[in-house]
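A quick write-up on the structure given underneath.
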Amino acid sequence: MRQRKNGSSIKHPNLSDAEAKSQKKSPYSSKDVFLTCLGFRMLNALLIQTYFNPDEHWQALEVAHRIAFGYGHLTWEWEEGIRSYLHPMMFALFYKLLALLRLDIPCVMIKAPRLLQSIFSAVGDLYLYKLSFVLFGDGVAKWALFSQLANWFMFFCFNRTFSNSLETTLTLVGLYYWPSVRSSLNKAPSGSRKWGLALAALACAIRPTSAVTWVYVGLLELYLTHDRLRFIFVELIPIGSVVLGITCLLDRLMYDSWVLVPLNFLKFNFLSSGGDYYGTHKWHWYFTQGFTVMVFSFLPFCVAGIIKSKYWKLSGLILWVLGLYSILGHKEFRFVLPVLPISLIFGGYSLAALDERGSRNGAKKRSSCICNKWPSRKQLAIFFLLASNIPMALYMSLIHQRGTEDAMNYLSKEAAKGKVKSIVFLMPCHATPYYSTLHNNLPMRFLDCAPNKGMPTESDRFMMDPVSFAVDFAKNWSHPSHIVLFDSEERHLKDFLVSHSFREVRRFFHAHFKVDRDLQASVVVYAD
């Protein structure tokens, strides 16, 4: 890659002269890009109305709500010390601010966390643009950003309050500051490696599995740098120690004892395969299903971009992360979210190179009517990508599995009016949001599913025989004012509900097709 003295990229060797002209200098300031992305992500956040994975609520917002307001459920992971308070503390401070401003009302409590996350997502978008620009120039950067904003899974997942979402943002910012990721002809500013190290350490503190990404980048730096001793002893160890120390102090304060979360996390998920309790997949799942679905219709463009660019540093990172995560039995889409934007950079590279080659050589010989009649290959590609990703993004964000969110939003508003006294959830554990959405300190009970040395959990026993479980369960309950359940279990429990004087008050659509269980088409709320 050739570079001007002022540091801006002129041309990547695999792009045409015409494309290179648009890459000499970005016509967009960082402020313009950020504000554009922020507006998009805030709208994105407001459009997300569906339930994806329990961790969005139970490992972030529920914990934050307990810190800020004194009530909220801590799952068994917090009792075992395999989660750090660093990520939920961010939302706890936000909740405290809302309470101070007297804005902790149902509609705000429901929407505000994802709106906060949209700010971090916009930062991630900005640094994807900046990283693409320093690697390949503006002609690629703007199409990489288009790919990021248009990809259905980024729209569906990036604004959710997962630790993986913040990890993804930190990864993009950190890679931008990491010297070894760049071309030797496009050096990072002096001191940027320290920023990259700090961001890498913070990402690992929030989510220890982020070390999978940063081990690769660190080894790359160790191989390419000429000051290895300085890198290890003056930067890596001191910066890593400071971030680890701050994290340990915070966890010491919150756990009320010394807890080394990364070590506990490593023991549970890697040494004892504790994550397998939540299900396993074939080793090739990320390659054949998981990551392929995430990239979706951008896949051929990403592959073409990897081949055309020959930029092995980033493409090697994608393969490294997918390969190491494939070793683990328990797999989820969100685990590999940090490398999805990197793949989309290559999609942007492919789109930037997708001009009609003939238009540079023999297009002048063609009649103008032919040129006007047929769209260019790039226009067709853009139409294809938007036509395939927009419906998918909107369906998954607005429709699929929205019933559990709608039911809790309804109960939150009813509780604020004093119409709810207590709630029992007769459904698989963690299937709905909890106190962080209800925002009312009422008695609630869900079916426990903490690992129990091979013994069936409450959630398991209920799913095996709903009627017998409900009859036994009712012998010891304090009669609730409301019961929430899926329609797939409702048909088994009709007589039980009638015999205990419950009547249906609301029914919410949930899904058109099953995910990992029988079809749960709707969520039903019963009241006494």
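Taken over region 445-457, residues that are surrounded by 13 or more Cβ atoms within 10 Å (Cβ to Cβ), hydrophobic (A, V, I, L, M, F, W, C) and either in contact with a Leu (Cβ under 8 Å, 6 or more places away or on another chain) or over 15 Å from PHE473 (Cβ atoms) (or both) amount to 2. If you go through region 386-411 and keep only what is open to solvent by 40 Å² or more (accessible area, probe 1.4 Å), touching a residue at least 60 places away in the same chain (Cβ under 8 Å) and part of a helix (DSSP H, G or I), you end up with LEU386, ILE390, MET392, LEU394, LEU398, TYR410. Contact map, region 257-268: residues that are farther than 15 Å from THR209 by Cα and open to solvent by less than 40 Å² (accessible area, probe 1.4 Å) paired with residues that are in a loop (DSSP other than H, G, I, E, B) and of a type outside the set (A, V, I, L, M), Cβ distance under 9 Å, separation 6+ or inter-chain. Pairs shown: VAL259/GLY81; VAL259/SER84. When ALA144, ALA203 are checked against the criterion of being more than 30 Å from GLY81 (Cβ to Cβ), of a type in the set (A, V, I, L, M, F, W, C) and open to solvent by less than 10 Å² (accessible area, probe 1.4 Å), ALA144 stands alone in meeting it.
A count restricted to region 118-153 and to residues that are under 21 Å from MET42 (Cβ atoms) and assigned to a loop (DSSP other than H, G, I, E, B) stands at 1.
Does LYS194 fit the bill of being farther than 20 Å from PHE231 by Cβ and in contact (Cβ under 8 Å) with a residue 24 or more places away in the chain? When the stated conditions are applied, LYS194 does not pass them.
Kindly check whether there is at least one residue in region 219-231 that is touching a helix residue (DSSP H, G or I) at 6+ places or on another chain (Cβ under 9 Å), open to solvent by 80 Å² or more (accessible area, probe 1.4 Å), within 29 Å of LYS194 (Cβ to Cβ) and in a loop (DSSP other than H, G, I, E, B). No, every residue in region 219-231 fails to be touching a helix residue (DSSP H, G or I) at 6+ places or on another chain (Cβ under 9 Å), open to solvent by 80 Å² or more (accessible area, probe 1.4 Å), within 29 Å of LYS194 (Cβ to Cβ) and in a loop (DSSP other than H, G, I, E, B). Which one is most open to solvent (accessible area, probe 1.4 Å) among residues in region 269-301 that are among the hydroxyl-bearing types (Ser, Thr, Tyr) and modelled with pLDDT of 85 or more? Here the residue is THR288. Residues considered: LEU485, LEU442. Of these, the only one that is part of a loop (DSSP other than H, G, I, E, B), closer than 25 Å to GLU62 by Cα and open to solvent by less than 60 Å² (accessible area, probe 1.4 Å) is LEU442.
Considering region 75-117, the residues that are of a type outside the set (A, V, I, L, M) and outside any helix (DSSP H, G or I) include one that is surrounded by the most Cβ atoms within 10 Å (Cβ to Cβ), namely ARG83.
Yes/no per residue for (1) open to solvent by 40 Å² or more (accessible area, probe 1.4 Å); (2) at pLDDT 95 or above:
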| position | (1), (2) |
| --- | --- |
| ALA68 | no, yes |
| HIS73 | yes, yes |
| LEU128 | no, yes |
| GLY139 | no, no |
| TRP152 | no, yes |
| THR168 | no, yes |
| THR171 | no, yes |
| GLY174 | no, yes |
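The values are calculated or read from the model by the stated rules, or taken from the named source; none is laboratory data. As the structure is a prediction and not an experimental result, all values here were calculated from the model. All Cβ positions, glycine included, derive from the backbone under ideal geometry; neighbour counts span all protein chains shown. Protein only, heavy atoms only, side chains kept; ligands, DNA and RNA dropped before computing areas. Shrake-Rupley method; radii C 1.70, N 1.55, O 1.52, S 1.80 Å.
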